[in-house]
Amino acid sequence: MPEFCDVAVPLPLEGVFTYRIGSNGSEPVVGGRVLVPFRNERLAGVVTRLHDTPPAVQTKMLIDVLDRQPVLEADLLHLGEWIAQYYLAPIGEVLRGMLPLTADVKRAHVYSITDLGREVLFQSATAGSSLRSKKSHEDQAAEMRVLDYLGNRESASESSLRGSVGLPRTVMAGLLRKKWITREDASSVRDSRRLRKIAVLKQEPAAQESITKATPQQKKIIETLQQHSGRMPLEDLWPAGGSRSALQTLVRRGAVEISEEPMVFQVSGLKAKSSLDFELNAEQRVAREKILEATVARKFKVALLHGVTGSGKTAVYLSAMQSVLAEGRSAILLVPEIGLTPAAAANLHNLFGNEVAILHSALSPDERAEQWRRIRSGDARIVVGTRSAVFAPVRDLALIVVDEEHDSSYKQEENPRYHGRDVAVMRGKLAGAAVLLASATPSLESYHNAKQGRYELIELRQRVEQRPLPEVEIVDMRAEFQQSGEERIFSRQLAQEVRERLERNQQAMILLNRRGYSPVVLCRACGETVQCRDCAIALTHHKRANTLICHYCGYRRPAPRLCPKCNSEHIFFLGTGSEKLEERLHQEFPRARIGRLDRDTVRRREDFERVLSQFDAGELDLLVGTQMIAKGHDVHGVTLVGVVGADFALGFPDFRAAERTFQLLTQVAGRAGRGNLAGKVILQTYFPDHYAIQYAAAHNYDAFCDKELRFRKWMNYPPFTSVANLVVRHDHLERALQYAGELGQWFDKNKSKGLRVMGPAAAPIVRLKRDYRYHFVLKSDSRERLNASLRAMLKYSAERKIPRSNLIVDVDAVSLL
């Protein structure tokens, strides 16, 4: 057995840490997890190497071995190391994100009183109130309660302290700081088999005799069990009115027994609306065969499936996945948002039954762990999920599909800041699998790679069944204001078109890509806008809750009646969000059945599916929402799409603003006319001459790309260069400026040929979640040169004692805000 192992711990720290392997326990394995001591904590880390080379410093012993077999096979471990290198992310945080197994470690802390704490407790008992001096009576009383409780026992768990003395956080932090108590991590390994207790009604004659003598409470339990075939989990029995004492009596009399069985997690969203028979047209069949060429040859290849909206891209890749499964191999389908997962899972479940697994962040830790184990055991060979599903431990991977590959949701906005699409390409390369990127509006990076021959370009130019693309009519809202003399949320043309659809019993979708009721609350007396307490951003008014909310940090406060600055009554709610749009549509069309889809109405996993199912079933006439309604929905009854506000993104200080606007307009326009009736789009805009608006109205993706790529090449932006965004942040302005200044001087002294550094400058949102932010934008035609410069910068910042947590390194940034 090797003497040492290197472990990647889940902390924002570079490198791995060496631990000594004990001779009594199980032997760790590379790619398996171990429980290790780290400072005052116990952490579950991943073993990256076994060796006999002693480090230069004293090593600590492993606490426990969690896995006897690797949970990360060699290819996934290699993928994690590539992510850490490419995105300059700590390897421990990368590997933690790849493993949805946090439920396997039971987090716990125990507290003990120190000798100093006993001395303070003794002095307090003898001196009485004289010790209180300036400290409040309540604070000292709370401290003494904690010390008194711990003084009567060797140690106490966090849960027992909370139940006995309340465990106020501020008091506990103060006691730890003064070293009156100590805290030790008592985290332990949970049994990987999730067991739950089941109450089972016995059928023997002796048991039946006990049942006849049951009390009313006991009879209620018996009747509940009988209604559920004689067995029921205890966690379901209590809400149904069962009494613990009554159940214990029934168990003692032999009428009921308690057994344990493995937990099975039923993931919602597996109801398909219809069967899929894949009657592909000639264009679709050609696309399918091109995809399967690589899977049959078992070789790595990336293909870009570019098809107009409604061209049947989903049928093509589902048919390819069906062929892959028939060969006994596996496939992964990535979707950009959790809201799309139920629909994708429904189609897959309809095709493949119980061989489908779902992975996304809205699942509970236990649910994610259960799904992960089904995949790893081979019980599930088709995986659908958001970006983290790219790490699914499938066996014999043949195909990875990235649907809506252009979507910015594939980029993770916290460490590790990887891009799910690009990681999918790398995983395909390491596994020798085919990778399919699908979109009606591919990202310029993917389209450029296809044009350069790096990816195979597969195109679907026609909608299925020769259905026409919707007619798009541009409404100039500047002219609308001049003609009507008033600021309108929806134009007269859009209102008339909606009215006609309602009269014909047809459906319409209205897009306004802004949440809330009003995005700005303004005082007309002093001109002050009500800002977030922790961010340099205006609060958004949500009328139904009568609350102002920050959409970045979640801070909220009641809607003011008076100006917070000048105390004036002249508060003005400026602008329009999806909540106000819904209200105005109800006023304009009082008999219409209207639903809304945005992050305010979709609180749980089921909400999105419920509203969309109602719309699909014809129970709603109008669907209002943000970009949620623009992605991948196939509702045949929609004949009109109105775009109320999508062009304000053109004013954002971001080089991708035009691309994002074009993609959003094209995607939402594609929701119209997907059935037997032709569709129409009313596109309201204040920038009718902008090329993104014009080309979206003409459904001309190629012309937009040609023009946008020329601009990108002139300005040295992706896909012609690599870009990284370096953000320096601190909750003290002076310290943020100091760090930014030091790094700016370092970049000036360490200039590299072919690398351009812009900044430091205040970030577009200069304060976010209490941190002041300054940033650098780095551009280079060489990824290696860019990576080397950033790595050298991180080394310098460590030497200068700039904490790693105060630096955000975003390689291939999709947003510069």
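Figures for the structure shown
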item	result
Ranked packing of 7-13, 396-402, 372-378, 312-318, most packed first, by mean Cβ within 10 Å	396-402, 312-318, 7-13, 372-378
For the stretch 759-817, average projected area of the Cα convex hull in nm²	4.5 nm²
Stokes-Einstein D in µm²/s, Kirkwood radius over Cα pairs - the chain at 25 °C with 0.890 mPa s viscosity	80 µm²/s
Within the stretch 416-483, trypsin sites (Lys or Arg not before Pro) in DSSP loop having at most 16 other beta-carbon neighbours inside 10 Å	454, 461
Geometric extent, Cα atoms of the stretch 371-462 - Rg, Dmax (angstrom)	14.0, 41
Share antiparallel - DSSP beta bridges, the chain, percent rounded to 5	55 percent
Computed [θ] at 222 nm, deg cm²/dmol, the chain (DSSP H ≥ 4; -39,500 (n - 2.57); rounded to nearest 500)	-11000 deg cm²/dmol
In degrees, nearest ten, helix 74-86 long axis to first principal axis of the chain (Cα)	70 degrees
Contour excess over end-to-end distance, with Cα ends at residue 700 and residue 27 and 0.36 nm allotted per residue	236.2 nm
No Cys partner within the rule (Cβ under 4.7 Å), the chain	5, 553, 705
Per residue solvent-accessible surface (Å²) - the chain, probe of 1.4 Å	47 Å²
Protection-proxy order for peptides 109-121, 690-702, each taking the mean of Cβ atoms within 10 Å per residue, highest first	690-702, 109-121
Per-peptide average of other Cβ atoms within 10 Å, ordering 528-541, 735-748 highest first	528-541, 735-748
Segment residue 56-residue 451, extension gain: residue separation times 0.36 nm, minus the distance between their alpha carbons	137.0 nm
For residue 357, residues with placed amide H under 5 Å, excluding near neighbours	382, 383, 384
Projected-area average for the stretch 674-724 over all orientations - Cα convex hull basis, square nanometres	5.6 nm²
Size of the stretch 680-812 as Cα extents on the principal axes (Å, biggest first)	59, 35, 18
The stretch 741-754 - phi-based ³J(HN,Hα) in whole Hz, Karplus 6.51/-1.76/1.60, Gly and Pro as x	x, 4, 5, x, 5, 5, 4, 4, 7, 10, 5, 10, 4, x
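The values are calculated or read from the model by the stated rules, or taken from the named source; none is laboratory data. Not measured: the values here are computed from a predicted model. A quick note on method: Cβ atoms are made from the backbone with ideal geometry, for glycine too, and the neighbour counts reach across all protein chains shown. To get the accessible areas, we keep the full protein, side chains included, count just its heavy atoms, and leave off ligands, DNA and RNA. Shrake-Rupley method; radii C 1.70, N 1.55, O 1.52, S 1.80 Å.
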